[in-house]
1. Using the Cβ atoms and a cut-off under 12 Å, what net charge is assigned to the surroundings of residue 66, where Lys and Arg are +1 and Asp and Glu are -1?
2. Mind giving me the FRET efficiency for residue 41 and residue 134? R0 is 22 Å, r the Cβ-Cβ distance, nearest 0.05 is fine.
Amino acid sequence: MNRLAQATVAITVVLTMTTAYCAQFVIPKDQFDPKKVFCGRPSGFKKPGEVDLREVIKATPECEEMKKNRIQPGTGKYVILLSKATTRAVNAIKKVAKDTDFDLIAAKGYLGDLKPPIPAKDITELVIKAMKDKDKDKDKDKDKDKEKEKEKE
């Protein structure tokens, strides 16, 4: 093989490896559904995650209250609690996106159903843990506030 051919092969190998290393994913415009992407931009992301929103909502205190008190679907109390649970779940997803290197978080199954499919890690448990940890921190803060009020009395 002459030197020109060797150099061409070497450059091709380096470019291929660089492209693979820096691979960025893009959701095709005709397949993009903004309701299924919680965080991140649909173009140029490197580390996608996916979340089962229903599971996160089920893990909220509001959903536990609905079960405990047998609140019926369609009632005002149910709608209010479901809205609060959804807000809490979405905020937890955003917190995980901020605190980790996942640069796009979508609904579970969405990215895998695209043509071509985009591989994503299921981070549902990570989101639930982050949400519960945040709730524990809030409870601790409330306890500290109560202790301060008792000391003032």
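All of the numbers you see were taken from the coordinates with simple rules; none came from a lab. Quick caveat, the model's predicted, so the values are computed rather than measured. Here the Cβ is made from the backbone with ideal geometry for all residues, glycine too, and neighbour counts use every protein chain on show.
1. With Lys, Arg at +1 and Asp, Glu at -1, the neighbours total +3.
2. Efficiency, rounded to the nearest 0.05: 0.30.
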